[in-house]
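Scroll down for the structure; my scribbles are underneath it.
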Amino acid sequence: MIEVENLTKTYGPTVAVDGISFQIPKGEVVGFLGPNGAGKTTTMRILTCYLPADSGAARVAGYDTFTEPVEVRRRIGYLPESAPVYAELGIVEYLQFVAEIRGIPKSERESRIARAIERTALGPMIHKDIGQLSKGYRQRVGLAATLIHDPEVLVLDEPTTGLDPNQIIEIRQLIREIGREKTVILSTHILPEVEATCDRVLIINQGRIVASGTPAELTRAAEGKVVCRVGFRAEPAIVEPALRAAPGIEELLPLDTGTNGTCRYEISSREHDIAERVFHLAVGNGWTLNELHTERLSLEQVFTQLTLGDK
Amino acid sequence: MSAIASVAKKEFRAFFQSPIAYVFITLFLVLSLWIFFFLSNFFLIGQSTLRTLFDWIPITFLIFVPAVTMRMWAEEQKLGTAEILLTFPVRDWEVVLGKFLAGLSFLAVAILLTLPLAGTIAWLGNPDDGAVVAGYLGSLLVGATYLAIGLWVSSLTQNQIVAFLISVILCFVLYIVGVPIVLASLPDWLVPFVAQLSLGSHFDSMGRGVIDSRDVIYYVSIIFFFLFLNVQTIASRRWS
């Protein structure tokens with residue numbers, strides 16, 4: 001559905017997008033993840049033919065963004081960053097304008113508008129001007145406008161910025177729902193967002209794709225280190241040497257030891273079943289286990305590693 | 001074609017969505033009435049003519065038209081709605097033309113609201129119909145010229161006030177360069193050229209009731225020139 005090849009865009013001396021290539025098949029929800037200024041918005045602007053690339057090519061539904069911008073735009077619903085809206089228009093009035101400028105025949109306009117309003121749950125606000133709406137509802141008006149012409153592709157630039165937690169959940173659900181039938185690209189710098197909404201993530205940093213995959217794959221790829229916190233009711237003098245001798249444990253960090261016959265440790269390992277091993281070790285030695293907690297490297301840590309380059 | 005119409009419709013509606021439009025129209029009408037009845041000594045000269053009203057149009061429009069155009073692009077750029085507008089399946093020039101036509105319609109409404117004055121002189125006396133028609137046409141052309149300038153200036157900035165002030169200055173310069181005092185201070189070889197460029201000199205004959213094709217061509221060229229600049233400015237986001 002979307003093919004991007006070697007896309008490059010510079011603003012004067014700044015390289016905003018630096019040779020990006022990716023493909024998005026029909027029906028996939030893809031998240032652009034990256035810090036501010038990574039090139040997410042620029043990539044989206046190229047895809048929606050707002051800006052041309054300096055070099056490289058981008059095709060949407062088979063149409064080139066440079067040579068056939070009008071055809072590309074016909075097939076895209078685009079919600080720019082911070083969901084700008086015409087505050088002075090009413091909701092229906094605005095949607096009517098969008099339907100009109102998108103060339104939807106008069107006979108279909110009403111039903112399309114009604115459907116967009118229904119999908120974005122704008123019903124209760126229908127008589128208000130957009131300027132009177134809360135940020136969350138404005139975002140929905142923006143989304144409703146992108147749905148009017150039933151586009152094949154939705155491009156949403158930071159669709160949840162500035163919303164409160166409840167609104168964020170609602171918008172994410174909505175995106176999930178839309179993503180069942182449409183190809184969706186959304187950008188964000190909020191990590192749980194991609195985990196909650198996307199089939200695939202492209203992590204972008206300084207204009208390049210530094211990683212791509214499903215959220216689960218990316219997490220797994222992050223060195224696969226597991227951190228495990230464990231506590232025993234047993235003498236540290238006995239426990240510690242036994243732990244050190246146990247296979248698979250790479251690092252042992254005593255957290256608090258000694259007092260009234262208990263001890264706690266933090267264990268790092270590359271074995272994903274380290275918790276089970278520790279459990280069997282405790283059972284085998286007759287120690288009472290009073291804490292066992294494993295932590296995997298989260299997407300957040302993956303993100304930090306990739307974008308700060310501390311690896 | 002439908003894209004131009006839908007932009008024009010939306011913009012036109014947006015004018016009346018805000019109270020500013022009503023304030024401006026009212027001010028324009030009050031000013032026109034004052035010019036008509038008092039400045040022209042209508043009750044003393046005993047002539048049924050709108051001449052003074054038309055003579056003053058290039059001056060009243062100098063404030064009125066930039067006030068109409070100042071927000072048309074500046075606001076869109078400030079709020080980011082321009083990005084929505086320009087990623088619809090439309091060409092840049094269609095959007096520019098749509099906005100221009102919306103402004104022109106608004107101007108036409110304001111001008112038409114002075115028709116009762118034409119009715120008054122027709123009722124009181126026997127005015128030269130041709131002069132009235134030519135005057136109205138000339139007013140619309142002057143307004144459209146200012147409109148094209150103001151719209152272009154608005155596309156250069158995100159600040160409405162800046163757009164307003166620069167438009168007023170630019171329109172004023174275009175109007176004033178034909179005035180004898182200015183012409184007298186110019187080198188001789190420049191005079192015919194500048195006099196031709198001046199908006200004021202092209203308006204005089206229209207105010208007298210003469211529709212000269214050269215004047216119409218002048219206005220239409222200036223309008224096209226600034227609309228062209230406007231399209232280029234909008235497209236310039238792509239040049240970086």
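List of remarks:
- Burial ordering of B:Lys78, A:Lys106, A:Lys26, B:Lys99, fewest other beta-carbon atoms within 10 Å first: A:Lys106, A:Lys26, B:Lys78, B:Lys99
- When both segment B:42-103 and segment A:60-84 are represented by their alpha-carbon centers, they are found 30 Å apart.
- Residue-span extension gain [A:Ala121 to A:Glu250] - 0.36 nm each, minus C-alpha spacing: 41.2 nm
- Prolate/oblate/rounded label for segment A:68-125 (Cα gyration tensor, a/c 1.5): oblate
- Taking Cα atoms only, the orientation of helix A:165-179 departs from the longest principal axis of chain A by about 70 degrees.
- Where both bridge residues fall in chain A, DSSP classifies roughly 70% of the beta bridges as antiparallel.
- Ranked list, fewest to most other Cβ atoms within 10 Å of each Cβ, for A:Met44, A:Met1: A:Met1, A:Met44
- Cα-centre dipole for chain B with unit charges at Cβ (Lys and Arg positive, Asp and Glu negative), debye to 20: 540 debye
- On Cα atoms only, tilt of A:236-245 relative to the major axis of chain A in degrees: 60 degrees
- Residue with peak Gaussian network fluctuation, chain A [Cα springs, cutoff 10 Å], from A:Arg277, A:Arg45, A:Arg176: A:Arg277
- Degrees separating the helix B:160-176 axis from the principal Cα axis of chain B, which is the longest one: 40 degrees
- Structural descriptor for chain A: relative contact order 19 percent, calculated from alpha carbon pairs under 8 angstrom and at least 6 residues apart.
- Of A:Gly19, A:Val29, A:Gly62, farthest towards positive along the dipole that unit charges on Lys, Arg, Asp, Glu beta carbons give segment A:14-71: A:Val29
- Around the Cα centre of the protein assembly as shown, unit charges on the Cβ atoms of Lys, Arg, Asp and Glu (plus for the first two, minus for the last two) sum to a dipole of about 740 debye.
- Using Cβ point charges alone (K and R +1, D and E -1), the dipole size of segment A:166-289 about the Cα centre works out to roughly 200 debye.
- When the charge dipole of segment B:84-225 is built from unit charges on Cβ atoms (+1 for Lys and Arg, -1 for Asp and Glu) and taken about the Cα centre, the candidate among B:Gln158, B:Val191, B:Leu113 whose Cα reaches farthest toward its positive end is B:Gln158.
- Rounded, prolate or oblate (a/c below 1.5 giving rounded, otherwise prolate when a/b exceeds b/c) for segment B:130-189 by Cα gyration tensor: oblate
- If R0 equals 60 Å, the separation of the Cβ atoms of B:Val220 and A:Ala216 corresponds to a calculated FRET efficiency of about 0.40.
- Which listed pairs, of A:Lys26/A:Lys128; A:Lys40/B:Lys9; A:Lys40/A:Lys135; A:Lys40/A:Lys182, have C-alpha distances above 31 Å, in listed order: A:Lys26/A:Lys128; A:Lys40/B:Lys9
- Listed residues B:Gly209, B:Gly135, B:Gly143, most fluctuating in chain B (Gaussian network, C-alpha, under 10 Å): B:Gly209
Each reported figure results from applying straightforward, stated rules to the coordinates on display, with no laboratory input. Keep in mind it's a predicted model, so treat the numbers as computed, not measured. All Cβ positions, even for glycine, are placed from backbone atoms using ideal geometry, and neighbour counts span all protein chains on display.
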